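Here the structure comes first, spelled out in structure tokens, and everything after it is commentary.
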Amino acid sequence: MALPPDEVRTKGWLRAARERLGLSRAEVARRLGVSRASVQDFELGELRGSISLASFRRVALALGCDVLLNLELPADLAMPGPPKRTAAAARSARAGKPEQSIRPAPAPEKSLVWEYREPGT
């Protein structure tokens with residue numbers, strides 16, 4: 001579901017999505033295991049630009065939303081290959097945990113888009 005840009009600009013992605021989905025702050029708080037005030041703090045933190053990516057992702061997943069990041073590089077930079085496997089990913093694999101995937105997503109020429117998906121999606 002696409003959110004109107006004006007709504008996102010005034011409310012932020014998290015609040016706009018929560019309201020569009022018909023969820024109360026209390027319901028999202030219950031899903032996250034936090035207080036209703038904490039959900040409001042997450043929403044306000046997004047508007048102020050102070051929310052961490054981890055917190056944003058956590059709230060978005062509680063809403064049932066995917067988080068996709070788009071990083072566009074200057075046109076004069078060469079396109080790198082996929083990211084190397086990290087030591088943390090190698091440890092997870094040895095422990096039998098599924099590896100989270102970061103893979104190139106379809107993108108226009110001269111931009112780099114990485115799509116984050118939870119394992120199994």
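Computed from the coordinates by the stated procedures, all read-outs in this text should not be read as laboratory data. Here the structure is a predicted model, which is why all the values come from computation and not from measurement. Positions of Cβ are backbone-derived with ideal geometry, glycine not excepted, and every protein chain shown enters the neighbour counts.
Structure summary
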quantity	calculated
Per-peptide average of other Cβ atoms within 10 Å, ordering 36-43, 65-72, 24-31 highest first	36-43, 24-31, 65-72
Modelled FRET efficiency - R0 22 Å, LEU68 with VAL8, Cβ distances, 0.05 increments	0.95
